[in-house]
Amino acid sequence: MNWIYTPWPWYVSGPMIAFIMFLLLMVGKNFGMSANLRTMCTICGADKKVDFFKFDWKSQKWNLIVVLGAVIGGYIGSHFLITDMAVAITPATVNDLNELGFNSAGASYLPTELFETNSLLSLKTILILAIGGVLVGFGTRYAGGCTSGHAISGLSDLQLPSLIAVIGFFIGGLVMIHFIFPLIF
Amino acid sequence: MRSLIYLFIGILFGITMFKSEAASWFRIYEMFKFESFHMYGIIGSALVIGIIITQSIKKFNIKSFYGEKIKFNPKAKSFSRYMFGGIIFGLGWALVGACPGPMFTLIGVGYLPILIVIAGSIVGTLLYGLLKDKLPH
């Protein structure tokens, strides 16, 4: 039963994601997480000012419940289904990250330099998290979907727009890590 | 009853995001460095099985658990919105190491600073709504 407490290999994780997409399809819904961000805007009252947010948000209530489940799943996973939180990334990656100043590489689940509560004492960290969030939220809506909506649902449906979006995801990610990281870290 | 099913699917999703380490900033960095097969294996295998599932549903006209037709929403044809939007998303994804599913899972794991990322992504979505008509689509 040791496998319960160790990280899942890719060949368990990938099929599980496909299974989750299958379950959602079978209950008549589509797998796409970023739609929830739009729903949250509407609930916050954005529909009063901007037409884009004018829709019956209750039709997306099911997706908000999935999000609530995702939070609970994170709690269950981290409290009951793991003994060692360290993510075993490859030594080459650990080296790269050490050089950038991320000493928690290979020793924790997220870099403590960005995600430990103390890190919020640094204005630079707050800005990085906030700007990164804005880019994710803006980009995902502009592209009409995120990793779940495009890379999984859209590509599974052989949608060319999703392929363009996923190529975009990778261009953006590669530029950030190879060209912008050395400037900001 | 249906709400409980959605909650169950969400919990399964959250556990998967956590246990697969797809919710780990380190795994996203490693992926963009091409230094491990892990993330490519996850996305690749999900995709191969996803294609088989989706195409089978279409070909054999499989109905949902409730006997309804399963609907897919084809994406509108365009290049610029997917490419530009995708690049902007990718920049953010690599910076904060979380996309719109895992960022919620990380609240459950107990990382409070992720709330700033979520707040940022709601603001980003709002900005898109405000600027939508001025952007090339």
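For region B:63-113, filtering for residues that are among the aliphatic types (A, V, I, L, M), open to solvent by 30 Å² or more (accessible area, probe 1.4 Å) and over 17 Å from A:G149 (Cβ atoms) leaves 3. Residues in region A:3-61 that are aromatic (F, W, Y), over 30 Å from B:E21 (Cβ atoms) and open to solvent by less than 40 Å² (accessible area, probe 1.4 Å): A:F52, A:F53. Restricting attention to region A:28-35, does a residue exist that is within 19 Å of B:M103 (Cβ to Cβ), touching a Ser or Thr at 6+ places or on another chain (Cβ under 6 Å) and more than 7 Å from chain B (Cβ to nearest Cβ)? Yes, that holds for at least one residue. Pick from A:I184, A:I171: which is over 22 Å from B:G50 (Cβ atoms), open to solvent by 50 Å² or more (accessible area, probe 1.4 Å), of a type in the set (A, V, I, L, M, F, W, C) and facing chain B (nearest Cβ under 7 Å)? One residue alone meets the criteria, A:I171. Restricting attention to region A:144-181, the residues being among the polar types (S, T, N, Q) and more than 19 Å from B:L91 (Cβ to Cβ) number 3. I need the full set of residues from region A:150-168 which are crowded, with 23+ Cβ neighbours inside 10 Å and touching a Ser or Thr at 6+ places or on another chain (Cβ under 6 Å), in order please. Matches in region A:150-168: A:H150, A:G154, A:S156.
Every condition in (1) over 19 Å from B:S121 (Cα atoms); (2) in contact (Cβ under 8 Å) with a residue 24 or more places away in the chain is met by B:N61 except one, and the failing one is (2). Which residues, taken from region A:68-124, are open to solvent by 60 Å² or more (accessible area, probe 1.4 Å) and hydroxyl-bearing (S, T, Y)? Those that are open to solvent by 60 Å² or more (accessible area, probe 1.4 Å) and hydroxyl-bearing (S, T, Y): A:Y75, A:T83, A:T117. All told, A:V136 falls short of being open to solvent by 20 Å² or more (accessible area, probe 1.4 Å) and in contact with a Leu (Cβ under 9 Å, 6 or more places away or on another chain).
Yes/no matrix, rows are residues, columns are (1) at pLDDT below 95; (2) over 30 Å from B:I70 (Cα atoms); (3) facing another protein chain (nearest Cβ under 8 Å):
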{"position": "A:V94", "(1), (2), (3)": "no, yes, no"}
{"position": "A:T112", "(1), (2), (3)": "no, yes, no"}
{"position": "A:T117", "(1), (2), (3)": "yes, yes, yes"}
{"position": "A:T140", "(1), (2), (3)": "no, no, yes"}
{"position": "A:A143", "(1), (2), (3)": "no, no, yes"}
{"position": "A:I152", "(1), (2), (3)": "no, no, yes"}
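The values are calculated or read from the model by the stated rules, or taken from the named source; none is laboratory data. Being a predicted model, the structure only gives us computed values, none of them experimental. For neighbour counting, all protein chains shown are included, and Cβ atoms are generated from backbone atoms with ideal geometry for every residue, glycine included. The accessibility values were calculated without ligands, DNA or RNA, using every heavy atom of the protein model including side chains. Shrake-Rupley method; radii C 1.70, N 1.55, O 1.52, S 1.80 Å.
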